[in-house]
Amino acid sequence: MEHVRLAVELDIPSDVRYIEDIVAMVTRQCAQLSYAPRQLALNVPVALTEALSNAILYGNRERPDRHVHVRAEVDRERLVVEVSDEGTGFDLETSEIDPTSPENLLREDGRGLFLMRRLMDSVERFDDRGNVIRMTLRRS
Amino acid sequence: MSFSIRKQGDVVVVDVEGQLIVGNRQELKQKVLDELEKGERKFLIDFSQTGYIDSSGLGVLVSLSKKIREQGGELRLANLNDDLKTLFELTKLDTLFQIADTRERALESF
């Protein structure tokens with residue numbers, strides 16, 4: 001079968017109002033390559049929304065002079081999406097709490113990273129021109 | 001994405017149309033808190049027209065649940081599709097909320 005790869009790369013201001021459009025764009029690309037309905041309705045939109053809101057709210061602290069860079073590549077095997085902000089970054093290992101434990105269940109925050117990890121096959125963080133989160137999801 | 005609110009008997013029914021995410025969660029919170037302030041005590045949030053919910057949206061539901069309970073009220077959720085049910089199960093919030101399959105069953109449960 002012919003190898004098809006779709007890619008999108010863009011910069012957005014640090015404003016949460018942009019999130020829904022970006023998520024729709026990436027999800028549409030996955031739909032074009034026949035990703036599973038569950039992935040299109042749950043895994044991709046929720047994990048990507050978390051990554052973008054983390055970058056805007058915590059990475060860039062909603063500063064209007066800072067931008068978030070998004071790069072998504074989709075083919076019939078996997079989606080790889082990178083979200084970069086201009087913040088100082090954080091340690092993935094120490095930042096994640098268990099929001100399902102009884103003492104945390106009533107917390108209003110702390111579920112973002114947990115959901116990214118549960119809904120994607122891998123979540124990595126590295127420094128490369130800013131703070132970058134890379135998420136990978138295998139097509140099913 | 002928008003929220004519509006109407007009364008059904010003595011229950012305030014909120015329909016979430018579109019996504020419940022970081023960009024609009026405060027709007028939902030404020031609408032419900034306004035009704036709570038007016039003296040309403042029974043709330044049903046219906047997700048039959050909802051796309052996806054992020055952690056901020058879940059956080060607002062937890063917050064509302066606590067505030068409504070503090071005022072002696074009750075909150076029910078209804079019409080979660082399979083993907084939303086999975087989200088609640090992953091986060092174990094299905095153990096925190098009373099979730100009904102349909103709006104009618106949720107209304108009957110008050």
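The values are calculated or read from the model by the stated rules, or taken from the named source; none is laboratory data. Just so we're clear, the structure is a prediction, and the values are computed from it rather than from any experiment. Because the Cβ atoms are built from the backbone with ideal geometry, glycine has one as well, and the counts that use them run over all protein chains shown. Protein only, heavy atoms only, side chains kept; ligands, DNA and RNA dropped before computing areas. Shrake-Rupley method; radii C 1.70, N 1.55, O 1.52, S 1.80 Å.
Specify which of the listed residues (B:ARG69, B:ARG6, B:ARG105, B:ARG76) is open to solvent by 70 Å² or more (accessible area, probe 1.4 Å), part of a strand (DSSP E or B) and touching a strand residue (DSSP E or B) at 6+ places or on another chain (Cβ under 9 Å).
Within the list B:ARG69, B:ARG6, B:ARG105, B:ARG76, the selection yields B:ARG6.
Determine which single condition A:GLU73 fails, assuming it passes every other condition in (1) acidic (Asp, Glu); (2) open to solvent by less than 30 Å² (accessible area, probe 1.4 Å); (3) touching a Leu at 6+ places or on another chain (Cβ under 8 Å).
(2)
Could you say which residue among A:GLU103, A:GLU93 is away from chain B (no Cβ under 14 Å), acidic (Asp, Glu) and either more than 15 Å from A:THR136 (Cα to Cα) or touching a Pro at 6+ places or on another chain (Cβ under 7 Å) (or both)?
A:GLU93
What residue, among those in the range A:37-56 that are open to solvent by 20 Å² or more (accessible area, probe 1.4 Å) and at pLDDT 95 or above, is farthest from the chain's Cα centre (by Cα)?
By that ranking, first place goes to A:PRO37.
Scan the range A:88-104 for residues that are in contact with a helix residue (DSSP H, G or I) (Cβ under 9 Å, 6 or more places away or on another chain) and surrounded by fewer than 19 Cβ atoms within 10 Å (Cβ to Cβ) and report the count.
Counting residues in the range A:88-104 that are in contact with a helix residue (DSSP H, G or I) (Cβ under 9 Å, 6 or more places away or on another chain) and surrounded by fewer than 19 Cβ atoms within 10 Å (Cβ to Cβ) gives 9.
Would you check if A:GLU108 is within 14 Å of chain B (Cβ to nearest Cβ), in contact with a Ser or Thr (Cβ under 6 Å, 6 or more places away or on another chain) and open to solvent by 20 Å² or more (accessible area, probe 1.4 Å)?
In short, yes.
I'm checking my understanding of the structure. Among residues of the range B:90-110 that are within 11 Å of another protein chain (Cβ to nearest Cβ) and of a type in the set (D, E, K, R), which one is farthest from B:GLU74 (Cα to Cα)?
B:LYS92
Of the residues B:GLY23, B:GLY59, B:GLY39, only one is farther than 24 Å from A:ALA36 by Cβ, at pLDDT 95 or above and assigned to a loop (DSSP other than H, G, I, E, B); which?
B:GLY39 is the lone residue from the list that is farther than 24 Å from A:ALA36 by Cβ, at pLDDT 95 or above and assigned to a loop (DSSP other than H, G, I, E, B).
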